[in-house]
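Can you read through this structure? Questions will come right after.
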Amino acid sequence: MSSLNREAVFLILQFLEEEKFKDTVHKLEKESRFYFNMRYFEECVTNGEWDEVEQYISGFTKVEDNKFSMKIFFEIRKQKYLEALDRHDHAKAVEILVKDLKEFSKFNEGIFKEMALLLNLGNFREKEQLSKYGDTKSARAIVLAVIKKLIEANPLFHDKLQFPTLKNLRLRTLINQSLNWQHHLCKRPRLNPDIRTLFEDHTCLESPCAYLPVAILADSIPKNGDSRSLPDAKLKYSDEEISKAWKLTELNKPSQLRSLRLPDCHLPVRIIGLAYTHMGGAILALAFNAVHKLWKWQTSDGKATSSVPPQLWQPPNGILMTNDISDTHLEHAVPCFALSKNDSYLLSTSGGKFSLFNITTFKTMTTFMSPPPAATSVAFHPNDNNIVAIGFDDYSIHIYNIRIDEVKSELKGHQKRVTGLTFSNDLNVLVSSGADVQLCVWSMDGWEMHTRRFLYIPHGRESSSPLAPTGVQFHQDQIHVLAVHETQIAIYEAPRLDCLMQWFPPESSGSVTDASYSCDGQLIYTSIKDGSVCVLTATTLQLRSRITPAAYIPLNPRVYPVVIAAHPSEPNQFAIGLTDGGVHVIEPPESGGSWCVAPPLKSGVGPSVNSAADDKAFINQRNYLLLDGKIKAWLDDRLSQLLNCRIWGQSCKKMAFSANGKRLFICETSKEGRSYLLELDEHQVTIKRAAPCSQFNKDGVLLAVSTSENGIKILANVDGVWLLHSIENQSIDTSRVAPITIAK
């Protein structure tokens with residue numbers, strides 16, 4: 001058998017062991033003869049399962065193979081014979097003597113006769129050679145030691161006693177790598193491929209609109225004929241009004257916001273964990289050195305604010321809440337913590353054992369779960385403070401009961417360390433995320449996996465680290481999930497995990513370090529490695545405000561936020577933990593103000609796309625909006641009006657862009673009532689070409705349009721491409737047909 005076939009068997013053996021197919025795994029070990037499982041063999045001997053002991057070892061050697069094999073079988077059968085005598089099972093002893101031990105008489109007749117004479121003794125220990133035979137348990141231990149030495153000395157076992165070193169879930173990893181490669185080869189790979197079988201190669205065959213790398217929430221945009229009526233068609237907005245309403249707010253001065261650096265007398269160490277208490281009156285931070293810091297506000301409403309400095313709180317005895325870091329390399333650790341729902345207890349680790357702290361006294365109530373494996377994420381069960389979900393660096397998740405110190409379930413499905421956990425009480429699910437850029441949904445009823453999805457990362461946006469964490473957080477609606485990765489933030493809908501939207505920071509800004517929903521679910525606060533904080537609308541991922549580092553750390557531009565947390569009841573307040581050990585609370589400049597309030601238009605209608613737009617699109621870093629039949633264009637949410645026109649004089653009705661985001665198509669009606677299909681040039685924002693006549697085929701997968709050269713071009717979606725391929729060998733008069741163009 002080839003080396004690859006041999007390795008394939010080991011992968012299958014590992015898979016069977018992980019899936020707990022105990023009988024099957026040992027049958028394959030025996031039939032393949034690649035691996036003698038000494039641990040299993042020891043269990044069988046210790047338990048006195050002599051028939052299984054002989055059947056298992058018979059898969060690897062026979063009595064007559066060599067002297068070591070003969071001695072192995074003799075020791076097994078002799079012990080089986082003595083145990084039958086010891087329990088006074090005379091009939092069984094005779095059967096073993098005649099069927100099993102007689103075979104050895106041809107090698108040594110004297111030994112066989114001595115074994116037969118034992119039948120005449122009331123207690124075989126009367127014989128001098130067996131006088132030291134103890135109880136059954138100790139006798140089995142002695143014979144096991146003898147047999148192990150014989151196996152190790154037997155040349156037939158020399159390459160079969162060591163199982164190769166494999167990472168956990170190696171077969172699953174290879175399958176996923178294969179599927180990822182197949183998906184990569186798809187002409188139009190979907191964001192969320194629905195792979196249902198391994199029996200056939202994967203390919204994406206759905207409509208091109210399912211493959212857009214930039215997602216638009218289509219249901220939020222009213223269409224012609226939609227039951228949600230549009231404003232009066234005669235309503236006019238000036239270019240200045242539209243531009244002003246959509247302007248990005250840049251905050252780069254301390255006077256443009258309220259920022260408070262929390263007082264700290266401790267050693268300034270990088271902040272790697274941050275959270276508000278559930279009541280909103282305190283902030284808890286975890287530093288790189290495994291020390292926790294707790295700030296409490298003494299305000300009239302008991303809430304955190306940037307207007308009043310809090311107290312860095314410590315109990316009278318002066319102790320600190322410090323995680324156990326004995327035998328821990330902090331540079332390799334993935335710290336994590338979680339607060340109980342009543343804000344009374346803190347569960348935390350910095351790569352070592354978990355510590356359960358009393359928040360009031362700072363006392364360590366208990367420690368548990370010494371590594372390995374090391375914990376990398378944790379979340380309290382929404383209905384029981386005694387139950388937590390814990391993610392580990394061995395890719396597993398444990399559902400653990402703290403009170404009785406018991407692992408209730410072990411979940412496996414990730415291919416790298418688990419770095420994010422979040423519960424939905426409404427859906428009754430747990431969503432996990434990992435360094436494998438994968439999201440998994442687990443049912444809380446039986447802890448079975450419901451769905452899994454990989455984050456879509458475009459070419460050129462790959463992560464700089466193979467172990468970059470992925471975080472997850474449920475929206476307050478308990479359905480939408482915010483996924484946070486250094487390359488992006490994305491919105492998924494549970495439990496199917498359909499990807500609704502993605503947002504990628506400008507490459508010049510660096511990577512995403514953290515993100516969080518505001519408490520009302522309207523905003524997403526995102527911290528960036530260049531020191532900025534971006535405020536996006538949660539429904540559309542539109543960038544509304546950008547806070548530069550100069551606005552809150554003007555004296556140290558190299559410092560940046562590592563973690564971010566949103567206030568649990570103040571939607572416009574958030575806190576950030578910095579690389580220099582500082583924690584800042586940040587709010588809009590005015591009390592009760594908002595980060596995303598655009599000036600109202602004169603008509604009284606705000607800038608919402610939902611109420612004023614016929615359609616919108618995004619192409620080549622530009623946004624396009626159909627408003628009152630006109631096309632509006634601006635660059636990357638900034639005030640830069642590029643296009644404002646009716647093409648043929650009547651109105652634009654619909655826009656759509658290609659899957660690669662580089663071609664914008666417009667449906668236009670002329671003054672004479674004729675329909676045109678137009679393509680917009682993505683570089684100069686001008687009309688690239690216009691087709692005066694167009695017609696869909698019956699199935700709607702092919703679109704024929706006339707050309708200025710009196711020819712015809714055919715545009716096809718994915719299904720249309722298949723249709724074209726099926727008829728490409730048929731005879732066609734190509735002299736009258738322009739070259740076929742397939743819309744990418």
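If R₀ is 35 angstrom, what is the calculated FRET efficiency for the pair N66 and L174, using the beta carbon separation as r and rounding to 0.05?
Efficiency, rounded to the nearest 0.05: 0.40.
Accessible area per residue of the range 354-450 at 1.4 Å probe, in Å²?
Here the per-residue accessible area is 38 Å².
Can you give the convex hull volume of the alpha carbon atoms of the range 352-509 per residue, in Å³? Let's see the in-between values first.
Values: hull volume 21.7 nm³, N = 158.
It comes to 137 Å³ per residue, whole-number rounded.
Restricted to Cα positions, what overall size does the range 406-468 have along the principal axes? Three whole-Å values, descending.
41, 25, 14
Let me ask you something else. Placing +1 on the Cβ of each Lys and Arg and -1 on the Cβ of each Asp and Glu in the range 103-142, which of G110, L130, A141 has its Cα farthest towards the positive end of the resulting dipole?
After comparing all options, I get A141.
Reported to two decimal places, what Rg/Rh ratio describes the range 443-513 when computed on Cα atoms with Rh from the Kirkwood expression?
1.01
Mind jotting down the three principal axis lengths of the range 1-87 based on Cα atoms? Whole angstrom, largest first.
Its Cα atoms span 47, 30, 14 Å along the three principal axes.
Compute the Rg to Rh ratio over the range 272-338 from the alpha carbon atoms, using the Kirkwood formula for Rh, and round to two decimal places.
In the range 272-338, Rg relative to Rh is 1.04.
If the viscosity is 1.002 mPa s and the temperature 20 °C, what Stokes-Einstein diffusion coefficient in µm²/s follows for the range 264-311 when Rh is the Kirkwood radius over Cα pairs?
Numbers: Rh = 11.4 Å.
D, rounded to a whole number, is 188 µm²/s.
Restricting things to alpha carbons, tell me how big the range 274-403 is in terms of Rg and Dmax, in Å.
Calculated on Cα positions, Rg and Dmax stand at 15.0, 47 Å.
For the pair K106/D23, report the inter-label distance in nm, with labels modelled 7 Å from Cα in the Cβ direction.
Between K106 and D23, the label points sit 3.4 nm apart.
Expressed as cubic angstrom per residue, what is the convex hull volume of the alpha carbon set of the range 1-150?
Values: hull volume 18.5 nm³, N = 150.
Hull volume normalised by residue count: 123 Å³.
So, by mean Cβ neighbours within 10 angstrom, what's the order for 413-420, 14-21 with the highest one leading?
Details: 413-420: 24.2, 14-21: 15.0.
For the peptides 413-420, 14-21, the packing ranking is 413-420, 14-21.
To continue, here is another question. Near the amide H of S409, under 5 Å away, which other amide H atoms are found, from residues 5 or more places off or on another chain, if H is placed in the peptide plane?
I399
The values are calculated or read from the model by the stated rules, or taken from the named source; none is laboratory data. Quantities reported herein were computed from a predicted structural model and do not represent experimental measurements. Positions of Cβ are backbone-derived with ideal geometry, glycine not excepted, and every protein chain shown enters the neighbour counts. Each accessible area value is taken on the protein alone, full model and side chains, heavy atoms only, with ligands, DNA and RNA left out. Shrake-Rupley method; radii C 1.70, N 1.55, O 1.52, S 1.80 Å.
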